[in-house]
Amino acid sequence: LAELGLPYTHDDILPRSAPTQTPEFKALNPNSRLPTIEDDGFVLYESMAINMYLAKKHNSPLYPKDPKNEALMWQWSLWETDRLDRPVVNYVNHTSALPEAQRDKAQADAAWAEVVPAFDVLDGVLANRKWLAGDDFSVADLNVASALYRALSIDLARWPRISEWLNRCWDRPAAKVARKMRES
């Protein structure tokens with residue numbers, strides 16, 4: 001919403017917290033997960049779907065008009081959820097985010113074994129382009145970079161193009177707002 005410059009009301013609810021377990025919240029999202037939006041009575045959950053919906057609804061340049069770039073947006077968004085989302089979370093959790101007593105080196109190593117080839121693919125693609133779906137920042141970049149928030153804490157020296165791209169994505173004014181909200 002900040003990328004689109006649209007006003008919104010943000011309910012500051014932590015993931016898996018008590019407010020997500022209420023009957024009222026479960027009526028919006030039976031998964032009891034965040035994010036969830038209500039847009040003029042239309043309820044939608046899953047962050048990437050929300051981003052695609054809002055960009056398309058508001059005819060934003062963030063939603064690729066060219067069918068090939070639209071397909072790339074879908075490809076990279078789905079690729080991230082399939083290849084990187086859980087492994088990056090598990091790796092960061094078991095190397096730094098969890099209290100040391102809860103960390104499991106075997107889980108961290110297993111996650112890293114999945115992260116490396118996926119990062120190799122992403123870094124290779126970024127060798128030939130600045131953005132994932134066309135010549136401009138799009139929902140593809142928004143979705144993948146948002147999901148890779150935890151990768152900001154990973155040493156990306158082996159993948160300089162990912163590091164540059166991720167920093168470009170997170171240096172955007174709207175991303176800075178989102179990061180501040182997340183880290184406060």
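The values are calculated or read from the model by the stated rules, or taken from the named source; none is laboratory data. Everything numeric here is computed off the predicted structure, so don't read it as measured data. Positions of Cβ are backbone-derived with ideal geometry, glycine not excepted, and every protein chain shown enters the neighbour counts. Just so you know, the surface numbers come from the protein's heavy atoms only, side chains and all, with ligands and any DNA or RNA stripped out. Shrake-Rupley method; radii C 1.70, N 1.55, O 1.52, S 1.80 Å.
Return one whole number: the accessible area per residue of the range 112-162 in Å², for a 1.4 Å probe. Normalised by residue count, the accessible surface of the range 112-162 is 42 Å².
Binning the alpha carbon pair distances of the chain at 5 angstrom intervals from zero yields the distribution 1, 7, 14, 18, 19, 18, 12, 7, 2, 0, expressed in whole percent. Peptides 32-44, 148-160 ordered by packing proxy, namely the average of other Cβ atoms within 10 Å per residue, highest first: 148-160, 32-44.
From most to least packed by mean Cβ count within 10 Å, the peptides 138-145, 172-179 give 138-145, 172-179.
Label-to-label distance for E100 and E46 is 4.1 nm, based on points extended 7 Å past Cα in the beta-carbon direction.
Label positions at V116 and N128, each projected 7 Å from the Cα along the C-beta direction, are separated by 2.5 nm. What a 1.4 Å probe finds exposed on the chain is 51% carbon and sulfur by accessible area, rounded to a whole percent. Cross-link partners for K65 among the lysines, with Cα-Cα distance under 16 Å and sequence neighbours closer than 8 places in the same chain left out: K56, K57.
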